[in-house]
Amino acid sequence: MSDLAERLQAIRERLHTASERSGREPSSVELLAVSKTFPIEAIREAMEAGQLLFGENKVQEVLAKVPALPSKLRWHLIGHLQSNKVRKILPLVDAVHSVDSLDLARDIQRIGGELGLFPKVYLEVNLAAESTKYGFKPNDLREGALDALYEMDRLYIQGLMCIPPFDPMPEKTRPYFATLRTLRDELEKRGGASLPKLSMGMSHDFEVAIEEGATIVRVGSALFGERTYSKA
Ligand SMILES: *Cc1c(COP(=O)(O)O)cnc(C)c1O
């Protein structure tokens, strides 16, 4: 087995164990392999080890990678999406985890209509009110934004997504995951529609995220190795 195949198997086992530990079906948690910055060959290797679902954070990378790989792969966009790239990305991805404003949602609604698509989206929530991060504030969702989103009939809203402030100790991040789940429960009770999915947890804290209800974990470096960025 290749190193990557071994790492993939180890992550799957950890995902399985964390699900069972929290009384959940392991099949209720998807593994999104975050392949950003990694080359086609690495993705192919993961594919050969059985991984078919990949996440990227840049539109340019999706545009380069998708046509170069078998069509059985599925792709999710997890990074901030600029309005002028919506038209290019929608036909290539299965879901967008990073719907972070009403303006972007309106663009997806309009262009989804023009293209005949019903894009699956997650609403990104900025839980710590970090000015450097994108996302809806919980109060925006409570006070009208969610109602406006439900009006957009092209958006197939899956649930919520968060990127908590980084802390090397996963237990420090647990309260954010719990808060996202509670916010989801609260928003569902207000009526409108269900928000069954929670996109939360990365390489160093995905098990804690699963314990708090994640339905899809976004794992990059634990699978593909450390990223090196060509530009700072
Ligand atoms: C890069 C990235 C990940 C994966 O991070 P790792 O720590 O490498 O697992 C997850 N989510 C988002 C939004 C990312 O940009």
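Here is how the numbers come out for the structure above:
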| quantity | calculated |
| --- | --- |
| Total formal charge among the other residues, if their Cβ is under 10 angstrom from that of L160, Lys/Arg +1 and Asp/Glu -1 | +2 |
| Protection-proxy order for peptides 162-172, 44-54, 120-130, each taking the mean of Cβ atoms within 10 Å per residue, highest first | 120-130, 44-54, 162-172 |
| E186 accessible area, assembled protein chains, probe 1.4 Å, Å² | 70 |
| Out-of-range pairs (alpha-carbon distance over 29 Å; input K137/K172; K65/K189; K36/K189; K72/K189) | K65/K189; K36/K189; K72/K189 |
| Accessible-area composition of region 3-224, carbon plus sulfur, in percent [1.4 Å probe] | 51 |
| Relative contact order (percent, whole number), the chain, Cα cutoff 8 Å, 6+ residue spacing | 21 |
| Two-site label geometry, D147 and D185: point separation in nm, points 7 Å out along Cα→Cβ | 2.5 |
| Residue-normalised accessible area of region 108-232, expressed per residue, 1.4 Å probe, Å² | 48 |
| Label-to-label distance, nm, for residues given as E226 and E30 (7 Å Cα→Cβ offset) | 3.1 |
| Extension reserve of the F118-T17 stretch, reckoned as 0.36 nm per residue once the Cα distance is removed | 32.9 nm |
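The values are calculated or read from the model by the stated rules, or taken from the named source; none is laboratory data. This structure is a prediction, so every number in the text was calculated from the model and none was measured. In this analysis, Cβ positions are derived from the backbone assuming ideal geometry, glycine residues included, and neighbour counts consider all displayed protein chains. Calculation scope for accessible area: heavy atoms of the full protein, side chains included, ligands and nucleic acids excluded. Shrake-Rupley method; radii C 1.70, N 1.55, O 1.52, S 1.80 Å.
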